[in-house]
Every structure is written in C-alpha cells, then in structure tokens.
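Student: Pasting a structure here, questions to come.
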Amino acid sequence: MNNTNTTAPLISRSDITVPVTVFARTTAAPGKAFDVIAPIDLAAVFHPVFPFPGVAEVRNQTESWDHAGPSRNPTFDDGSQATERLTEYVAGHGFAYELTDFTNVLGRLAAGVRGEWSFLPDGAGTMIRWTYEFKPLPGRRLILAGPFRPLWRRYMQRALNRMVEVVEAA
C-alpha cells in the first residue's frame, strides 16, 4: 500500500500485538466494493453489539477519506470517542488506518489499533479481509487476546456483514 504519511507508525516490528481478522464475500467487483466501503458512513454500519457501543457520528474530519493523511473522530453512542487517521490508501485495493486516544475502556487496554482492509478478486466477486491489530498497553495483552478477542470479532463481523449489504445494494 502507498504510505505518503511521514508520521511514525503506531505499531513496529518488535511489538507483540493482538490481531483480529474477519472475512466476507460479495458478488461486487473489488473496485466497487472498495469504492463503497472506504468512505462508508460509520454510523450506518457500526451498531451496538454487547458490550460495545455503536458509532453515533463522525466529527472533525480534516479532508476527504481518499488518500493517506486525513483524520477524524468517530463518536460512539455512549459518548466516548477515538481519533482515526488514514495512513495508507491504494484505490480499488486496500487502505489502512490507526485509531488512538480512545476515551472508553479501549483506552485502558490498548495504546491504539491499526486497521487494514484488503479487497481481493474472488471469481466474479470479492473477498474482503479486515484486520484490527491491537497494540496492548503493558500488562493488558492477555485481556485482549483472551476474553476480549471473540467479542470484538463478533462486533467486527456484524459491521462487515452490514457493509457487504450496502455494497450489494449499491
């Protein structure tokens, strides 16, 4: 992926992270799936899934979400928020971002998250791969890798399934 941002990445090679990956297929071509998902309205697809809140709105977006560099603040329906920065963007293929400054429980578990999306040809459609890579705070890795991980995977899969519905309706 093209990384035009000069800021040091949140996660380095030496970090021990907790990755969570989900997959979904769509009948849409990779470029179409990418074009719908990259700028998607987060509030339309991130609904509450116990114990996690949904996204209520996005505030303070600095630029259009179509190149490395812009940032924004997803705000959750429990009043908490995070800072999201788009770090990589390759039109039609994939993008990556970092989430930091969580004001909810994630702020006590992780220094941040790297999210990465890939849109891969799958016959006439697309296989979508979405990974959330948590950078645990000291002493928090076992919580993230243990009881937290399956709950987060369920949250991600439900959001991804809603995104695929939006792609196929477009």
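Student: Kindly list the number of the only condition in (1) modelled with pLDDT under 95; (2) in contact with a strand residue (DSSP E or B) (Cβ under 8 Å, 6 or more places away or on another chain); (3) not charged (D, E, K, R) that fails for Thr62.
Tutor: (1)
Student: So, one more: Take the stretch 40-61 and flag every residue that is surrounded by 16 or more Cβ atoms within 10 Å (Cβ to Cβ), out of contact with any Pro (no Cβ under 7 Å at 6 or more places or on another chain) and free of Cβ contacts under 8 Å to residues at least 40 places away in the same chain. Outline the logic, then answer.
Tutor: Applying the first criterion (surrounded by 16 or more Cβ atoms within 10 Å (Cβ to Cβ)) to the stretch 40-61 yields 40, 42-43, 45-46, 49, 52-56, 58.
Narrowing the set further to residues that are out of contact with any Pro (no Cβ under 7 Å at 6 or more places or on another chain) leaves 40, 43, 45-46, 49, 52-53, 56.
Scanning the stretch 40-61 gives Ala43, Ala56.
Student: What number of residues within the stretch 95-135 are of a type in the set (A, V, I, L, M, F, W, C), outside any strand (DSSP E or B) and surrounded by fewer than 16 Cβ atoms within 10 Å (Cβ to Cβ)?
Tutor: Quick first cut of the stretch 95-135, residues of a type in the set (A, V, I, L, M, F, W, C) only: 95-96, 99, 102, 105-106, 109-111, 113, 117, 119-120, 124, 127-128, 130, 134.
Applying the additional criterion that residues be outside any strand (DSSP E or B) yields 102, 105-106, 109, 124.
With surrounded by fewer than 16 Cβ atoms within 10 Å (Cβ to Cβ) added as a condition, the list becomes 105, 124.
Residues flagged as of a type in the set (A, V, I, L, M, F, W, C), outside any strand (DSSP E or B) and surrounded by fewer than 16 Cβ atoms within 10 Å (Cβ to Cβ) within the stretch 95-135 amount to 2.
Student: In addition: Take residues that are closer than 25 Å to Ala124 by Cα and not polar (S, T, N, Q) and tell me which of the strands (runs of 3 or more DSSP E) falling wholly in the stretch 15-94 contain 2 or more.
Tutor: Details: elements: 18-26, 55-59, 71-76, 83-90.
Per the criteria, 18-26, 83-90.
Student: Looking at Arg162, is it basic (Lys, Arg) and under 18 Å from Gly94 (Cα atoms)? Lay out the reasoning, then the answer.
Tutor: Numbers: basic (Lys, Arg): yes; under 18 Å from Gly94 (Cα atoms): no.
It is false that Arg162 is basic (Lys, Arg) and under 18 Å from Gly94 (Cα atoms).
Student: Oh, and also: Kindly establish whether Ser64 is more than 22 Å from Ala170 (Cα to Cα) and of a type in the set (S, T, N, Q). Let's see the steps before the verdict.
Tutor: Working: more than 22 Å from Ala170 (Cα to Cα): no; of a type in the set (S, T, N, Q): yes.
In short, no.
Student: Another question about this same structure. Test Pro74 against the stated conditions and say whether it is closer than 24 Å to Leu151 by Cα, touching a helix residue (DSSP H, G or I) at 6+ places or on another chain (Cβ under 6 Å), crowded, with 17+ Cβ neighbours inside 10 Å and in contact (Cβ under 8 Å) with a residue 24 or more places away in the chain. Working first, answer last.
Tutor: Values: closer than 24 Å to Leu151 by Cα: yes; touching a helix residue (DSSP H, G or I) at 6+ places or on another chain (Cβ under 6 Å): yes; crowded, with 17+ Cβ neighbours inside 10 Å: yes; in contact (Cβ under 8 Å) with a residue 24 or more places away in the chain: yes.
Against the criterion (closer than 24 Å to Leu151 by Cα, touching a helix residue (DSSP H, G or I) at 6+ places or on another chain (Cβ under 6 Å), crowded, with 17+ Cβ neighbours inside 10 Å and in contact (Cβ under 8 Å) with a residue 24 or more places away in the chain), Pro74 qualifies.
Student: I'm checking my understanding of the structure. Among residues of the stretch 77-87 that are surrounded by fewer than 20 Cβ atoms within 10 Å (Cβ to Cβ) and under 15 Å from the mean Cα position of the chain (by Cα), which one is nearest to Glu116 (Cα to Cα)?
Tutor: As a first pass, look at the stretch 77-87 and keep what is surrounded by fewer than 20 Cβ atoms within 10 Å (Cβ to Cβ): 77-80, 83, 85.
Narrowing further to those that are under 15 Å from the mean Cα position of the chain (by Cα): 83, 85.
Values: Thr83: 16, Arg85: 12 Å.
Top of the filtered list is Arg85.
Student: Here's a follow-up. In this structure, is Pro30 under 20 Å from Phe95 (Cβ atoms), surrounded by 14 or more Cβ atoms within 10 Å (Cβ to Cβ) and at pLDDT below 95? Break it down into steps so the answer makes sense when it comes.
Tutor: Working: under 20 Å from Phe95 (Cβ atoms): yes; surrounded by 14 or more Cβ atoms within 10 Å (Cβ to Cβ): yes; at pLDDT below 95: no.
Spelling it out, it is not the case that Pro30 is under 20 Å from Phe95 (Cβ atoms), surrounded by 14 or more Cβ atoms within 10 Å (Cβ to Cβ) and at pLDDT below 95.
Student: Right, something else. If I ask for residues that are hydrophobic (A, V, I, L, M, F, W, C) and touching a residue at least 40 places away in the same chain (Cβ under 8 Å), which ones from the stretch 119-145 would you list? Before the answer, list the steps.
Tutor: So the first thing to find is which residues in the stretch 119-145 are hydrophobic (A, V, I, L, M, F, W, C), and the list is 119-120, 124, 127-128, 130, 134, 137, 142-145.
Correct list: Phe119, Leu120, Ala124, Met127, Ile128, Trp130, Phe134, Leu144, Ala145.
The values are calculated or read from the model by the stated rules, or taken from the named source; none is laboratory data. Given the structure is predicted, the values throughout are model-derived calculations rather than measurements. Note that each Cβ is placed from the backbone with ideal geometry, even for glycine, and that neighbours are counted across all protein chains shown.
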